[in-house]
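Structure record follows, encoded as structure tokens.
The values are calculated or read from the model by the stated rules, or taken from the named source; none is laboratory data. A quick note: this is a predicted structure, and the numbers were derived from the prediction, not measured. Backbone-built Cβ (ideal geometry, glycine too); neighbour counts: all protein chains shown.
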Amino acid sequence: MIKIKLNYFLLSVFFFLITGFSTGQDENTAKPEIGIYERLGETIPSDITLINEYGQQVNLKSLITKPTIFSLVYFRCPGICSPLLNGMTKTIDITDIEPGKDYNIITLSFDQNEGYQMAAEKKENYIDQLTRKIPGDSWRFLTGDSLNIRRTADALGFKFKREGNDFIHGASIMVVSPEGKIVRYLYGTDYLPFDFKMAVTEATEGKVVPSISKIVKMCFSFDPEGRRYVLNVTRVAGAGILLLLGIFVVFLNVKKKKNKINI
């Protein structure tokens, strides 16, 4: 009788924690947070117009003729944008697939005040850092007006917010198939050559591959002040308690059934 009451009590606590934890998650995700919201399987709109590094208007979809790596940054960024582009440059150099042949790259500034001249300077800077030679049109640096920038960012699930002269934003590159379908997200500012190559290969096949972003979002929260992702102790602890309680309840039930069989 005591065991039965204990089981019911634990199950009640378990259910309460799950409900409370899930509700908290729903409340958080319902708010328009800064970060990356995966749009896997969705397609880039065909009517977005941006400005290339030569000051010419270009249709974004027309630039996606092969697997394409997207990076959204702003060129004056004092934070993670430079490490992200440096990480891309390093990976492009050491990966045994070739820009222009196997894939293309598009870097878009989400600051509407940055013009094509700044984009051209950044392009020259990063291409000069490469030890391998790549075709000039294999890595495009684009700018645009606020509407088309926002539409591109929304299509890719990239949420950012202006704060004074700077922006609060996350760090990720997005991989798109030749048909413009979003197939993969790679997070952070450093990318393993194997992951990078696999992402391009999957994009060639149009294969959508989920990432571990949901786990990352659950365990980490974006800190606007520090402009970085920090461990969310409450969420991790809550998940740990749920896991331990679940294991304990299952153990008690299994033990109870074994005792019945032995009797």
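Beta carbons closer than 7 Å, at least 6 apart along the sequence or on distinct chains, never pair a first residue in region 45-69 that is without any contact (Cβ under 8 Å) to a residue 24 or more places away in the chain with a second that is assigned to a helix (DSSP H, G or I) and surrounded by fewer than 17 Cβ atoms within 10 Å (Cβ to Cβ). Against the conditions (1) within 22 Å of Val176 (Cβ to Cβ); (2) surrounded by fewer than 21 Cβ atoms within 10 Å (Cβ to Cβ), Ala119 satisfies every one except (2).
Every listed requirement among (1) without any contact (Cβ under 8 Å) to a residue 40 or more places away in the chain; (2) under 27 Å from Glu121 (Cα atoms); (3) in a helix (DSSP H, G or I) is met by Leu186 save one, (3). In region 93-117, the residues that are touching a residue at least 40 places away in the same chain (Cβ under 8 Å) and farther than 17 Å from Phe70 by Cβ form Cβ pairs under 7 Å with partners that are surrounded by fewer than 21 Cβ atoms within 10 Å (Cβ to Cβ) and of a type in the set (Gly, Ala, Ser), at six or more places apart or across chains, as follows: Tyr116/Gly55.
Which residues, taken from region 166-199, are of a type in the set (S, T, N, Q) and in contact with a strand residue (DSSP E or B) (Cβ under 6 Å, 6 or more places away or on another chain)? Step through it out loud before you land on a result.
Step one: of region 166-199, the residues of a type in the set (S, T, N, Q) are 172, 177, 189.
Across region 166-199, the qualifying residues are Ser172, Ser177.
Among the listed residues Glu202, Glu163, identify the single one that is touching a strand residue (DSSP E or B) at 6+ places or on another chain (Cβ under 8 Å) and modelled with pLDDT under 95. Just a single option satisfies the conditions, and that option is Glu202.
Selection over region 55-72 of residues that are crowded, with 21+ Cβ neighbours inside 10 Å, assigned to a strand (DSSP E or B) and not hydroxyl-bearing (Ser, Thr, Tyr) gives a count of 3.
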